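*Asks:* One structure coming up, written as structure tokens, with questions to follow.
The values are calculated or read from the model by the stated rules, or taken from the named source; none is laboratory data. On a predicted model such as this, the values are computed, not experimentally measured, just so you know. Neighbour counts run over all protein chains shown; Cβ positions are idealised from the backbone, glycine included. For the accessible areas, the whole protein counts, side chains as well, though only heavy atoms, and no ligand, DNA or RNA atoms are used. Shrake-Rupley method; radii C 1.70, N 1.55, O 1.52, S 1.80 Å.
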Amino acid sequence: MDEGRTKENALFLNARGGRLGREGLAKIVNKAAKRAGLDKPVTPHVFRRSCATGMIRNKANPYYVKELLGHEHLDSLEPYLKLSIVDLKEVHKKCHPRERQLEAGG
């Protein structure tokens with residue numbers, strides 16, 4: 001184990017009590033995805049991206065999301081922001097003058 005990286009300061013441990021590494025986490029995620037019947041590849045990064053995207057879509061402060069992910073700059077959140085057609089329709093409905101007129105009954 002690397003100096004300063006003891007199991008005492010590790011958040012997740014493997015079955016032998018050491019740090020849960022990247023490969024171990026990937027195995028756990030793959031196993032869970034197969035049990036769930038998912039046919040697309042699932043990686044720990046998929047969870048990371050989904051979490052960040054969900055937080056931002058639900059109006060979490062991007063600064064806190066950036067800090068949680070360990071990024072230095074807000075620009076680095078860009079890859080996590082996958083817009084769907086539902087997101088675009090919601091913004092259109094909220095911002096377009098004709099849509100606001102229809103909503104107001106005019």
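*Asks:* Inside the stretch 47-66, can you point out the residues that are aromatic (Phe, Trp, Tyr) and at pLDDT below 85? Even if it seems obvious, please write down each step before you answer.
*Replies:* Filtering the stretch 47-66 for residues aromatic (Phe, Trp, Tyr) gives 47, 63-64.
Selection gives PHE47 alone.
*Asks:* When you look at ASP39, is it over 16 Å from the mean Cα position of the chain (by Cα), open to solvent by 100 Å² or more (accessible area, probe 1.4 Å) and modelled with pLDDT under 90, yes or no?
*Replies:* yes
*Asks:* May I ask you to list the residues in the stretch 30-46 that are part of a helix (DSSP H, G or I) and more than 22 Å from GLU78 (Cβ to Cβ)?
*Replies:* Scanning the stretch 30-46 gives ASN30, LYS31, ALA32, ALA33, LYS34, ARG35.
*Asks:* Name the single residue that is nearest to LEU77 (Cα to Cα) among those in the stretch 47-63 being over 8 Å from the mean Cα position of the chain (by Cα) and in contact (Cβ under 8 Å) with a residue 12 or more places away in the chain.
*Replies:* PRO62
*Asks:* Would you be able to tell me the number of residues in the stretch 11-29 that are open to solvent by 70 Å² or more (accessible area, probe 1.4 Å) and not hydrophobic (A, V, I, L, M, F, W, C)?
*Replies:* 5
*Asks:* Sort out which residues of the stretch 81-102 are assigned to a helix (DSSP H, G or I), at pLDDT below 70 and within 29 Å of the chain's Cα centre (by Cα), and write them in order of number.
*Replies:* Result: ILE85, single match.
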